[in-house]
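The structure appears below as structure tokens.
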Amino acid sequence: MLQMTKDFVFHTIQGEGKYVGVPSVFIRLSGCNMRCKWLNSDGSVTLCDTPYSSHHPEKDMKSLAEILQAVDRYNTEHVVISGGEPFLQEELPQLVQDLKKKQKFITIETNATIYQETQADFISMSPKLNSSMHQVEKAFQLPVSQEVIAKFIQSEADWQLKFVVNQREDVEEIAEICRQLGVEKNIFLMPQAIRKQELEERSQWVAELARERGWQYADRLHIRLWGAKRAK
Ligand code: SF4
């Protein structure tokens with residue numbers, strides 16, 4: 001059994017990173033080992049964009065068979081397994097294996113703090129920076145794990161590093177992480193934003209920072225199209 005959110009399978013487009021715009025079935029697992037909170041320049045605080053799978057995790061238990069049946073409703077090659085943190089769940093490798101038998105292209109979105117071997121095609125890592133940990137309980141403050149990121153990079157899957165940028169200073173931390181990993185490609189900067197207005201305020205300077213460093217800019221297309229609405 002896997003712990004899921006209530007709307008555990010839904011069809012939409014990928015809004016972020018290398019496969020932006022690609023029609024995809026999302027499988028939303030519930031539960032995260034982090035509790036991100038970002039402090040905004042006006043003093044307000046922004047929680048993770050999926051609080052229903054992290055800060056207040058929904059606990060709808062589903063079997064592998066139920067998940068596969070729900071995925072089968074859509075005639076779509078791309079499947080994105082997201083959370084929360086998918087690698088917390090022991091049955092994740094089995095879920096991926098069963099989806100591969102159906103010829104699916106599988107992305108797993110992760111905070112890159114836990115490694116399990118899977119047959120996924122693409123690992124979208126989003127290591128959380130110091131700026132994501134304002135006012136978070138100590139138990140949920142995880143440092144960036146170079147060791148876990150390196151294992152994903154060395155695995156057979158393609159990958160990206162997609163950093164959520166909240167403030168300009170984040171770029172120095174990102175540069176240091178990439179330097180230590182010896183990574184120069186597949187690096188995306190994505191604005192911290194859960195609403196259209198925040199995205200519009202931040203996208204220009206984040207894109208400019210990405211350009212200066214020779215990295216890629218990742219937008220949040222789903223927010224531009226549908227705002228902060230929960231995907232269905
Ligand atoms: S790691 Fe991701 S899912 Fe977990 S709390 Fe942070 S933003 Fe949310």
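The values are calculated or read from the model by the stated rules, or taken from the named source; none is laboratory data. In this text, all values refer to a predicted model and were calculated from it rather than measured experimentally. Don't worry about glycine lacking a Cβ; one is built from the backbone with ideal geometry, like all the others, and counts go over all protein chains shown.
For the reader, a short list of remarks on this structure follows.
- Residue match in region 192-210 (condition: touching a residue at least 40 places away in the same chain (Cβ under 8 Å), surrounded by 13 or more Cβ atoms within 10 Å (Cβ to Cβ) and over 21 Å from Cys36 (Cα atoms)): yes
- Unique match (being closer than 25 Å to Gln216 by Cβ and either within 16 Å of the ligand (Cβ to nearest atom) or outside any strand (DSSP E or B) (or both)) among Asp42, Asp7, Asp49: Asp49
- Residue ID - nearest to Lys185 (Cα to Cα), chosen from residues in region 5-40 that are touching a Pro at 6+ places or on another chain (Cβ under 9 Å) and polar (S, T, N, Q): Gln14
- Qualifying residue in region 125-134 (condition: modelled with pLDDT of 95 or more and basic (Lys, Arg)): yes
- Of all the listed residues (Arg28, Arg35), the sole one being outside any loop (DSSP other than H, G, I, E, B) and within 16 Å of the ligand (Cβ to nearest atom) is Arg28.
- The residues on offer are Ala65, Ala139, Ala70, and the sole one that is over 17 Å from the mean Cα position of the chain (by Cα), at pLDDT below 95 and either among the charged types (D, E, K, R) or over 23 Å from Leu181 (Cβ atoms) (or both) is Ala139.
- Enumeration of residues in region 37-53 that are more than 19 Å from Val165 (Cα to Cα) and surrounded by fewer than 19 Cβ atoms within 10 Å (Cβ to Cβ): Tyr52
- Number of residues in region 127-157 that are closer than 29 Å to Val22 by Cα, in contact (Cβ under 8 Å) with a residue 40 or more places away in the chain, of a type in the set (S, T, N, Q) and more than 11 Å from the ligand (Cβ to nearest atom) equals 0.
- Tallying residues that are touching a helix residue (DSSP H, G or I) at 6+ places or on another chain (Cβ under 6 Å) and exposed (fewer than 15 other Cβ atoms within 10 Å of the Cβ) within region 211-232 yields 1.
- Scan of region 15-36 for residues that are farther than 11 Å from Thr76 by Cβ, buried (at least 17 other Cβ atoms within 10 Å of the Cβ) and either in contact with a strand residue (DSSP E or B) (Cβ under 9 Å, 6 or more places away or on another chain) or β-branched (Val, Ile, Thr) (or both), ordered by number: Glu16, Gly17, Lys18, Tyr19, Ile27, Arg28, Leu29, Ser30, Gly31, Met34, Arg35, Cys36
- Test: residue in region 115-126 that is over 16 Å from the mean Cα position of the chain (by Cα), crowded, with 22+ Cβ neighbours inside 10 Å and in contact (Cβ under 8 Å) with a residue 60 or more places away in the chain: no
- Once region 59-98 is narrowed to residues that are within 14 Å of Met1 (Cα to Cα) and part of a loop (DSSP other than H, G, I, E, B), the residue that is farthest from the ligand (Cβ to nearest atom) is Ser63.
- Flag for Thr110 being surrounded by 16 or more Cβ atoms within 10 Å (Cβ to Cβ), within 13 Å of the chain's Cα centre (by Cα) and either β-branched (Val, Ile, Thr) or within 15 Å of the ligand (Cβ to nearest atom) (or both): yes
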